[in-house]
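Participant: Before I ask anything, let me first share the structure, which is written out below as structure tokens.
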Protein chains: 2
Amino acid sequence: MNCEIICVGTEILLGDILNTNTRYLSQEMARLGFQVLHQCVVGDNAERLAEQLRESLARSEMVLLTGGLGPTADDITKEVCCEVMGAELVMDEDELEKIRAYFAKRGRVMADTNKKQALVPKNGIVFSNDHGTAPGCAIERDGRFAVLMPGPPREMRPMFADKIRPWLLQKSDSIIFSRMVRTFGIGESAMAEAVSDLLEGENPTVAPYAKDGEALLRVTAKAETQEKAEQMCDKIIAIIRERIGEYIYGIDRDGLEFAVVEQLKTAGKKLALAESCTGGWIAKRITDVPGASKVFECGVVSYANNIKMNLLGVKNETIERFTEVSRECAAEMAQGVRRLSGADYGLSVTGFAGPDPAEDGRPAGLIYIGLDSKNGTTVKELNTHRGGAGSRDYNRVLAASNALYMVLEEEKGKVSRVER
Amino acid sequence: MNCEIICVGTEILLGDILNTNTRYLSQEMARLGFQVLHQCVVGDNAERLAEQLRESLARSEMVLLTGGLGPTADDITKEVCCEVMGAELVMDEDELEKIRAYFAKRGRVMADTNKKQALVPKNGIVFSNDHGTAPGCAIERDGRFAVLMPGPPREMRPMFADKIRPWLLQKSDSIIFSRMVRTFGIGESAMAEAVSDLLEGENPTVAPYAKDGEALLRVTAKAETQEKAEQMCDKIIAIIRERIGEYIYGIDRDGLEFAVVEQLKTAGKKLALAESCTGGWIAKRITDVPGASKVFECGVVSYANNIKMNLLGVKNETIERFTEVSRECAAEMAQGVRRLSGADYGLSVTGFAGPDPAEDGRPAGLIYIGLDSKNGTTVKELNTHRGGAGSRDYNRVLAASNALYMVLEEEKGKVSRVER
């Protein structure tokens, strides 16, 4: 079934906000077996929205719209869609009561303008909003559908996942199922080369991606049932494993930090961090994972040298002789934070994040990562060769990812001892 | 002049990549005085692209396209545009030489498929690519333009900024200039109410936004010259300052962390952090700012209670009596990290990030923020009333923003002493 997405909002046309709704919906629709052929954005303008909707309905059976369901005068999506599709708007008393309750729960009185949010298309399907005031709805005409959702992602996403997705599932004649194979330590081109024959496949398809130093493969199968599609994916993933298994750190994971937290939970081990140039980003990523407290002991962001010395026990002579961006300093930082916390692993990062080179002329992107455990201390040198505009974020995320991966490698017993 | 943006790429329709090009171009075009009325995405499909381009050219004088300029068979944008606009493709020997040189510099031989990237529209304008192999170009027909750019942002952005922007400037009859007024501590609706008359204005326009607990106002003026547009904005900003000046923490800033780093630099003061539920996110935000090392002493991510006690000196009885998520614990964490680091400010956060409520039944989103300085200790209680899916990020970013803002308030001498 052909599908398209229309986002309504002048703020998107002005570039004030990044359009993440379209991506979310595109991914979800692809998984449900719908083919998204167009994505469009129009402003809060009745005429242009009507024109776009007419055109979209002429070429697609399913049109998803987000935005413009708010209480103000420039929220016009529901009104325009009903007009174009010949549907009447009627007051839904249940929805009105829900909106009143939403305000009451927050100790506020519902403004009169909010009433219009409880208007729904007669004979349409209503999707309640558990995270805001505007309900969504679906309007049908001649077997074609317009599905209206609120614009804020925190309202739209749960409404789609919990209410619209099950409704769409009934309308789809095939299931598209994807698995994401996540690797680290192998470049995107090397990975693609290793599976080049698979990249030619039509069902399942295999597509390579690169992100933050990780190389990913998306395996996607189309079948009549979820079960069959899953089996088709798994067959391909088995082949991928044979070829590049040593670099795979997870399937369908959210990122390295999730793999690290899960692995440490399983192993019953704890981690402590000493971060300099990553400045807390590794700690932030680890604590992004719900339940991280079970494996995360503490982090020290030791930006200043006196903190490296006083708190982490880095020796004054180490910094004087090798500077704070050195193999030696990374080792002592990792040892220090492990000692301080009593964790099983002490992980440290020190380097030049950029954008400018260091005062001593060494380049932005030169980074040392230290890992200390009862097995000794390992230090890895990373050089991204990247300075200038945009390099700071890039260098920091690459340092963080490499550091997290070092923990996984150590757990697999793979890290070679460069230094004890 | 009406303008629209077409991004070409099946990977965008599948949701595999987030479309950041459209946002970048929308912002840039708005600044140049072009009105972006539509944004569209189509896949690597000649028929649908041709159809979209015809429609876009019918309603807009300037159509920007990105993507589909690569060397492979599914890169079709140039061919389709030339076909639709009746232009002939000819080999540009200069561009061919540049592409050869690009590969030679990297020690590689140019593949034959890359040759087609040097084809340019006859009588068109060519924009060289300093960051990749595909040149951009502009094609004219009847006073309407299609401007073709490569898809990868790291090629497209510099091409736009350095080559296409100056070309467009000649075609624009006015300049649009924006300033962003950033506030904290006043809700979006209260802010909008305070300046409701200004929101009605047509030139300059004033538009409210909310983001991560901050309320923003974008002031946009259109004039013949940059200077005049700036003056028009500043006049409105002066009025906004009179009304809600106490909440404004900056104009055209990147965020609270930039304001904090600059303020502390000016004051010659240093900051230390003790983070529990924010897990290093405040440290990460502070160290996002180049030069943060001048004001940032250290951060301690004290996830475990024994770290709160051993490292920060939180008293055992404090945790036993009040728990680690309490006014008292936040105060001792802030005091502890200031003592430990010798910084002027010790800033602490402890709370329940979610998604689940605490084991003792207290809600996700209950957070205490402590600030210790030579003037004493202040603790602020924050309750976001938000749990469940998506709440963890929301609660953490709100806690971080509130904490950063507390430093700014303290610097202004505004924080009332709740506790010493």
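The values are calculated or read from the model by the stated rules, or taken from the named source; none is laboratory data. Remember, it's a predicted structure, so these values are computed and weren't measured experimentally. FYI the Cβ positions are ideal-geometry reconstructions off the backbone, even for glycines, and counts take in every protein chain you see. For accessibility, only protein heavy atoms count, side chains too; no ligands or nucleic acids. Shrake-Rupley method; radii C 1.70, N 1.55, O 1.52, S 1.80 Å.
Participant: Tell me, what HN-Hα J-couplings in whole Hz come from the Karplus equation 6.51 cos²θ - 1.76 cosθ + 1.60 at θ = phi - 60° for each residue of region B:22-35, using x for Gly and Pro?
Facilitator: 4, 5, 4, 5, 4, 4, 5, 5, 4, 5, 7, x, 8, 9
Participant: Might you tell me the accessible area per residue for chain A, computed with a 1.4 Å probe and given in Å²?
Facilitator: 41 Å²
Participant: Out of residues 5 or more away from B:A274 or on other chains, whose amide H comes under 5 Å of its own, with H placed 1.01 Å from N in the peptide plane?
Facilitator: For B:A274, whose amide H was placed from the backbone, the distant partners under 5 Å are B:V300, B:L347, B:S348, B:V349.
Participant: So which residues in region A:283-326 end up with at least 30 square angstrom less accessible surface once the other protein chains are there, compared with the chain by itself, probe 1.4 angstrom?
Facilitator: By number: A:K284, A:T287, A:D288, A:P290, A:F296, A:E297, A:C298, A:G299, A:V301, A:Y303, A:I307, A:L311.
Participant: I've got another one for you. Determine the principal axes of the Cα atoms in chain B, then give the extent along each, sorted from largest to smallest and rounded to whole angstroms.
Facilitator: 81, 53, 41
Participant: So, counting K/R as plus one and D/E as minus one, what does the shell of residues with Cβ under 11 Å around A:P121 add up to?
Facilitator: In short, -2.
Participant: For the protein assembly as shown, what is the Kirkwood estimate of the hydrodynamic radius, computed as the reciprocal of the mean inverse distance between distinct Cα atoms, to one decimal in Å? Intermediate values should be presented prior to the final figure.
Facilitator: Values: mean 1/r = 0.0344 Å⁻¹.
29.1 Å is the Kirkwood radius here.
Participant: Still on this structure: Of B:E246, B:E257, which has the most accessible area and how do the rest follow, probe 1.4 Å?
Facilitator: Descending accessible area places them as B:E246, B:E257.
Participant: Just the C-alpha atoms of region B:363-417: what Rg/Rh do they give, with Rh taken as the Kirkwood radius?
Facilitator: 1.05
Participant: Follow-up. Take the alpha carbon atoms of region B:2-169, find their radius of gyration, then divide it by 2.2 N^0.38 Å using N residues; give the quotient.
Facilitator: 0.97
Participant: Most mobile of B:E214, B:E95, B:E188 per a Gaussian network model of chain B (Cα springs, under 10 Å)?
Facilitator: B:E95
Participant: Same structure, new question: So what are the ³J(HN,Hα) numbers for region A:366-377, from phi and the Karplus equation (6.51, -1.76, 1.60; θ = phi - 60°), rounded to whole Hz, Gly and Pro as x?
Facilitator: 8, 9, 10, 10, x, 9, 10, 8, 5, 7, x, 10
Participant: Right, here's the next one. Chains A and B: how much accessible area gets covered up at their contact, both sides added, probe 1.4 Å, in Å² to the nearest hundred?
Facilitator: Buried area (both sides, nearest 100 Å²): 4800 Å².
Participant: Given the rule -39500 (n - 2.57) for each run of at least 4 DSSP H residues, summed and divided by the residues of chain B, what is its mean residue ellipticity at 222 nm, to the nearest 500 deg cm²/dmol?
Facilitator: Taking each H run of at least 4 residues, the total per residue is -11500 deg cm²/dmol.
Participant: At A:R48, label 7 Å along Cα→Cβ: distances to the other copies, nm, ascending?
Facilitator: Listed shortest first, these distances are 2.2 nm.
Participant: Still on this structure: According to the square roots a ≥ b ≥ c of the eigenvalues of the Cα gyration tensor, what is the shape class of region B:13-88, taking rounded for a/c under 1.5, prolate for a/b larger than b/c otherwise, and oblate for the remainder? Intermediate results must be reported in sequence, preceding the final value.
Facilitator: Working: a/c = 1.89, a/b = 1.22, b/c = 1.54.
It comes out oblate by the Cα gyration axes.
Participant: Can you tell me which of B:V109, B:V379, B:V301 moves the most in a GNM of chain B? Springs connect C-alpha atoms under 10 Å apart.
Facilitator: Of B:V109, B:V379, B:V301, the most mobile in the Gaussian network model is B:V109.
Participant: Over the protein assembly as shown, with every protein chain in place, what whole percent of the accessible area is carbon and sulfur at 1.4 Å, could you tell me?
Facilitator: 47 percent
Participant: Residue by residue, what Karplus-based ³J(HN,Hα) values in Hz, rounded to whole numbers, does region A:246-254 have, using 6.51, -1.76 and 1.60 with θ = phi - 60° and x for Gly and Pro?
Facilitator: 5, 8, 6, 10, x, 10, 6, 8, 7
Participant: May I ask you to find the residues of region A:143-160 that are shielded by at least 50 Å² of accessible area once the whole protein assembly is considered instead of their isolated chain (probe 1.4 Å)?
Facilitator: A:R154
Participant: Right, here's the next one. Evaluate the Debye formula for region B:256-412 with equal point scatterers sitting on the alpha carbons, no solvent, and hand back log10 of I(q)/I(0) at q = 0.13, 0.15 Å⁻¹, in q order, two decimals.
Facilitator: Summing over Cα pairs of region B:256-412 leads to -0.52, -0.70.
Participant: Residues with beta-carbon under 13 Å from that of B:D75, excluding B:D75: net charge, scoring Lys, Arg +1 and Asp, Glu -1?
Facilitator: Taking every other residue near B:D75 into account, the sum is -1.
Participant: If you don't mind, there's one more thing I want to ask. Compare B:T287, B:T113, B:T220 in a GNM of chain B, Cα atoms joined below 10 Å, and give the one with the largest fluctuation.
Facilitator: B:T113
Participant: Give the residue from A:I286, A:M180, B:V397 lying farthest towards the positive end of the charge dipole for the protein assembly as shown; charges sit on Cβ (+1 for Lys and Arg, -1 for Asp and Glu) and the dipole is referred to the Cα centre.
Facilitator: Checking the options against the dipole of the protein assembly as shown, the answer is A:I286.
Participant: Moving to a separate point now. Between A:E93 and the same site in the other copies, what are the distances in nm, shortest first, taking label points 7 Å from Cα along the C-beta direction?
Facilitator: 8.3
Participant: Mind listing, in residue-number order, the residues in region B:5-45 that have at least 50 Å² less accessible area with every protein chain present than in their own chain alone (1.4 Å probe)?
Facilitator: By number: B:L13, B:G15, B:D16, B:L18, B:R23, B:L37, B:H38, B:Q39.
Participant: Give the nm distances, rounded to one decimal, from B:E193 to the matching residue in every other copy, measuring between label points 7 Å along Cα toward the beta carbon; shortest first.
Facilitator: With the label placed 7 Å along Cα→Cβ, B:E193 yields 6.5 nm.
Participant: Check which residues have an amide H placed less than 5 Å from B:D44's amide H, if you skip close sequence neighbours.
Facilitator: Amide H neighbours of B:D44, under 5 Å, 5+ apart: B:G9, B:T10.
Participant: Considering every Cα-Cα pair within region A:175-251, what fraction, in whole percent, is farther apart than 18 Å? Mind showing how you got there, number by number?
Facilitator: Details: 954 of 2926 pairs.
I get 33 percent for the Cα pairs in region A:175-251 exceeding 18 Å.
Participant: I would also like to ask the following. What is the sum of charges, Lys and Arg at +1 and Asp and Glu at -1, for the other residues whose Cβ falls under 14 Å from the Cβ of A:E320?
Facilitator: Summing Lys/Arg as +1 and Asp/Glu as -1 gives -2.
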